[in-house]
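Contents: one structure, followed by commentary.
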2 protein chains.
Amino acid sequence: MRNLIILLALLFSSTLSAQQAQDAAQIRKIFDEALEKGESYEMLRYLTKNIGGRLSGSPQAAAAVEWSRQQMIAYGFDTVFLQPVMVPHWVRGKKEIARVVNSKKLGTVPMDVVALGNSVGTGPKGVVGEIIEVQDFQELAKLGRAKIEGKIVFFNRPMDAKLMDTFSAYSGASNQRGSGPSEAAKYGAIGAVVRSLSSFNDDIPHTGGTRYALNIPKIPAVAISTNGANQLSELLKDDQNLNFYFETHAEMLPDVLSYNVVGEIKGSEFPDEIIVVGGHLDSWDLSEGAHDDGAGCVQSIEVLRLMKAIGYQPKRTIRAVMFMNEENGLMGGRKYAELAEENEEYHVAALESDRGGFLPIGFGITGTKAQQDKLLSWQPLFTPYGIHQLKRGGGGADISPLRTQDVPTIGYLPDSQRYFKYHHTGIDNFEAVNQRELELGAAAMASMIYLIDKYGL
Amino acid sequence: MRNLIILLALLFSSTLSAQQAQDAAQIRKIFDEALEKGESYEMLRYLTKNIGGRLSGSPQAAAAVEWSRQQMIAYGFDTVFLQPVMVPHWVRGKKEIARVVNSKKLGTVPMDVVALGNSVGTGPKGVVGEIIEVQDFQELAKLGRAKIEGKIVFFNRPMDAKLMDTFSAYSGASNQRGSGPSEAAKYGAIGAVVRSLSSFNDDIPHTGGTRYALNIPKIPAVAISTNGANQLSELLKDDQNLNFYFETHAEMLPDVLSYNVVGEIKGSEFPDEIIVVGGHLDSWDLSEGAHDDGAGCVQSIEVLRLMKAIGYQPKRTIRAVMFMNEENGLMGGRKYAELAEENEEYHVAALESDRGGFLPIGFGITGTKAQQDKLLSWQPLFTPYGIHQLKRGGGGADISPLRTQDVPTIGYLPDSQRYFKYHHTGIDNFEAVNQRELELGAAAMASMIYLIDKYGL
């Protein structure tokens, strides 16, 4: 009996290791294909160079929908379809203007700013007023209406450079952009200037969405570069009554019909079990939207192409989803979850790439402990590729609405050190993406999808 | 007795963990200082933008010597001194010219090439001849004098894109550049064209040193971009007798007096035990030499500055060494080891940064098994910073001569995916370096030096 148990254990363990060897071989095939013949980079070239920036509602966003539809058809995916969704249509209008009006030392000081996404414009007369610097909402509340009314509020809390994960640093500062204008308006402010959410001191302003609170006056709002913010803060030390002028021509137009774009390979055994891999197709208007999130889109398409290229027939249905309107509304992500519920679809898992086309270092998963444990148990298969951080907690904005249906969500984690140099700027262009890093990311994602397809989650 | 042992073990383990906590805190201080107030990036800006490319023997190399000397004095290092060394003085001369002469399909096809470092020039008449493609020296030998004599040999073996470590891919292809011209000359070739050592298909030629063998005619040699090499290879399929012309104006001038630059903080307990951290000050002439190896130089200076900034007084003597002439002679590295032997210096360890200013991922060590084990045992202290590959085997060209004195050599390992886009090209400029990645590298190196100083090796 004891010998039998040992024999069974041996058999079992050798089966396991044969299986592991098979998985390692498949993953090696995926990486080889991506590194030698990957197509993410050339797809990204088209999306960025031939289409460009593609804010929701823009002609370029429509072009991106049609391009990704055609691209997935051309790759021979089993089904390619659109999910109609109404999206906000914000336009920046003419280039912004800003200046310090009355510096004692420097007189008029021009400043480079960009309007925040969704913000109202000042119109051609601009807005001018005394500018007052705050670090956070507590300080703002303390100053109160007495000190804020009729002024422009300058939110100047930097991202914490000491944090290794720059997304944590971003989270620690981003409420200034998202809620700052409305918070300032509560106390009667007439405009808001927000320090750019950047990990670097440079001259490049970063846009990004702001959300106006209900029943609070909508005031115009701009982001200023980190160097500009530092200079402004220095000037404020010398001048008690520094006046700031800015002019923006942004406006919110009526909603526009747009689409999520979905391509899928049907599962051979469990076609009704769906695994999603996606990114968002819309981008800000200032650049080509290469890292944010052209990279995630082309990598998601590439995941399906890689499976076909290595001759892997998935058991479950694998869907590449190009979500629309992540940047200023999340209408695509919401619509996708809504339709999944309406159609009673069963989603095994959803994986999103929305942290740029940088070097792959890990994945983070939100789900049950058992789901997390299972994913974490695959660590040895990723280690040979420098991917060393499989961890608990993670996902992505577009797939987050699926959490209400208990779908485990997984965030693809490229290294984050360079991301907030490009994020929402005018320099998030094709040239900022490295081919090997981008293709390695697609291979990492395909490997994860392969394992989820094979073993469930 | 048994209780006593347990008690001792507990005491010992709690002592250990208190020590580990202290080390973790010191390393956290190093990283905080580097991320918030690091000076590597501004040093690199000066070295690249104000001095620029600095091939051995050039005025810029002399400027770099003087700059690094002054910089280390300005930081208040205990001793700063020069080590005189004679170095080769190769100059590129006028811009190279190259073309396919007689393509049936395209006629004359201009090609972008750069002369290999140390190579002889063709002079104004250039060299012209039938071009013949080979993949390696075996193929060359097989063709022999009958097929090679009077022709130009085109070495076209690509770097293996499938290898995760691009330095391994480089090693697998670099003999074509280092020895190809002399190998071809053995069979009577009149010139050599070498496929650029790049991980990418693009239009950028990569220079780099070639070594002429003794008693073999020195023939002119150039590198061609990967796209150019692919095009040339395609043309060769259609044309049996494709002729190639190239013109280079390079020449080797008499040796020049130059210097290694050394700055040190004297050890408080063991001043005669030396720990080296270094990079090489010379670079190729085509660019500013930012990644190769401006990065390693400024990081090495920064290691000592970081120690002073966090108030750490090393027990051993820490030396930042700017080696001269790594690119085309290694005379500085050899001189350093020679002087170390002559002066009977005891070196605990030597660490080199010469793989670019990219994201830190590890260190590799060559030494005894005990030395390797000790270094590898520090892994947990590096894990919080994404540095996950402490491994056996490693070093650097400049510190390799110290191996004859049994000094353990350590190579700093940044991620390698992007390196061979910039290496030895015209685009290895300041703009190619990311500030956080560069400063993180300096912090990683400083942490390693701190541990070696504290515990020996």
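The values are calculated or read from the model by the stated rules, or taken from the named source; none is laboratory data. Quantities reported herein were computed from a predicted structural model and do not represent experimental measurements. Cβ atoms come from the backbone with ideal geometry, glycine included; neighbour counts cover every protein chain shown. These accessible areas exclude ligands, DNA and RNA; they are computed on the full protein's heavy atoms, side chains included. Shrake-Rupley method; radii C 1.70, N 1.55, O 1.52, S 1.80 Å.
Brief remarks follow.
- Restricting attention to the stretch A:222-251, the residues that are without any contact (Cβ under 8 Å) to a residue 60 or more places away in the chain and either touching a Phe, Trp or Tyr at 6+ places or on another chain (Cβ under 7 Å) or not in a loop (DSSP other than H, G, I, E, B) (or both) total 4.
- Number of residues in the stretch B:293-327 that are more than 17 Å from B:ALA64 (Cα to Cα) and of a type in the set (S, T, N, Q) equals 2.
- Residue check for A:ILE219: assigned to a loop (DSSP other than H, G, I, E, B), hydrophobic (A, V, I, L, M, F, W, C), touching a strand residue (DSSP E or B) at 6+ places or on another chain (Cβ under 8 Å) and closer than 25 Å to A:MET111 by Cα: yes
- Residues that are out of contact with any Gly (no Cβ under 8 Å at 6 or more places or on another chain) and more than 24 Å from A:THR122 (Cα to Cα), drawn from the stretch A:236-258: A:LYS237, A:ASP238, A:ASP239, A:GLN240, A:LEU257
Let's see how each residue does on (1) surrounded by fewer than 23 Cβ atoms within 10 Å (Cβ to Cβ); (2) modelled with pLDDT of 95 or more; (3) over 29 Å from B:ASP255 (Cα atoms):
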{"residue": "B:ARG2", "(1), (2), (3)": "yes, no, yes"}
{"residue": "B:LEU7", "(1), (2), (3)": "yes, no, yes"}
{"residue": "B:ALA25", "(1), (2), (3)": "yes, yes, yes"}
{"residue": "B:ILE30", "(1), (2), (3)": "no, yes, yes"}
{"residue": "B:LYS37", "(1), (2), (3)": "yes, yes, yes"}
{"residue": "B:SER58", "(1), (2), (3)": "yes, yes, no"}
{"residue": "B:ALA61", "(1), (2), (3)": "no, yes, no"}
{"residue": "B:ALA64", "(1), (2), (3)": "no, yes, no"}
{"residue": "B:ILE73", "(1), (2), (3)": "yes, yes, no"}
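- Just one residue in the set A:LYS142, A:LYS162, A:LYS186 is in contact with a Phe, Trp or Tyr (Cβ under 9 Å, 6 or more places away or on another chain) and among the charged types (D, E, K, R); that residue is A:LYS162.
- Within the stretch A:381-395, the residues that satisfy the criterion of being within 24 Å of the chain's Cα centre (by Cα) and either within 14 Å of another protein chain (Cβ to nearest Cβ) or open to solvent by less than 50 Å² (accessible area, probe 1.4 Å) (or both) are A:PHE382, A:TYR385, A:GLY386, A:ILE387, A:HIS388, A:GLN389, A:LEU390, A:LYS391, A:GLY393, A:GLY394, A:GLY395.
- Test: A:ASP453 is touching a residue at least 60 places away in the same chain (Cβ under 8 Å), of a type in the set (Asp, Glu), open to solvent by less than 40 Å² (accessible area, probe 1.4 Å) and not in a helix (DSSP H, G or I): no
- Residues located in the stretch A:327-380, provided they are within 14 Å of another protein chain (Cβ to nearest Cβ) and over 26 Å from A:GLY294 (Cβ atoms): A:GLN379, A:PRO380
- Pick from the stretch A:133-157, criterion within 34 Å of the chain's Cα centre (by Cα) and open to solvent by less than 30 Å² (accessible area, probe 1.4 Å), ranking: farthest from A:VAL194 (Cα to Cα): A:ILE148
- Checked against (1) open to solvent by less than 10 Å² (accessible area, probe 1.4 Å); (2) hydroxyl-bearing (Ser, Thr, Tyr); (3) within 21 Å of B:ARG355 (Cβ to Cβ); (4) not in a loop (DSSP other than H, G, I, E, B), B:TYR170 passes all but condition (1).
- Hits in the stretch A:406-429 - residues which are more than 13 Å from every other protein chain (Cβ to nearest Cβ), open to solvent by 10 Å² or more (accessible area, probe 1.4 Å) and more than 14 Å from the chain's Cα centre (by Cα): A:ASP406, A:GLY426, A:ASN429
- Meeting the requirement of 3 or more residues that are within 15 Å of A:TYR259 (Cβ to Cβ) and in contact with a Ser or Thr (Cβ under 9 Å, 6 or more places away or on another chain), the strands (runs of 3 or more DSSP E) wholly within the stretch A:66-114 are A:79-91.
- Candidates A:GLY93, A:GLY107 - the one that is open to solvent by 40 Å² or more (accessible area, probe 1.4 Å) and either modelled with pLDDT of 95 or more or out of contact with any strand residue (DSSP E or B) (no Cβ under 6 Å at 6 or more places or on another chain) (or both): A:GLY93
- Of B:GLY386, B:GLY357, B:GLY411, B:GLY364, all but one fail to be at positive phi and of a type in the set (Gly, Ala, Ser); the exception is B:GLY386.
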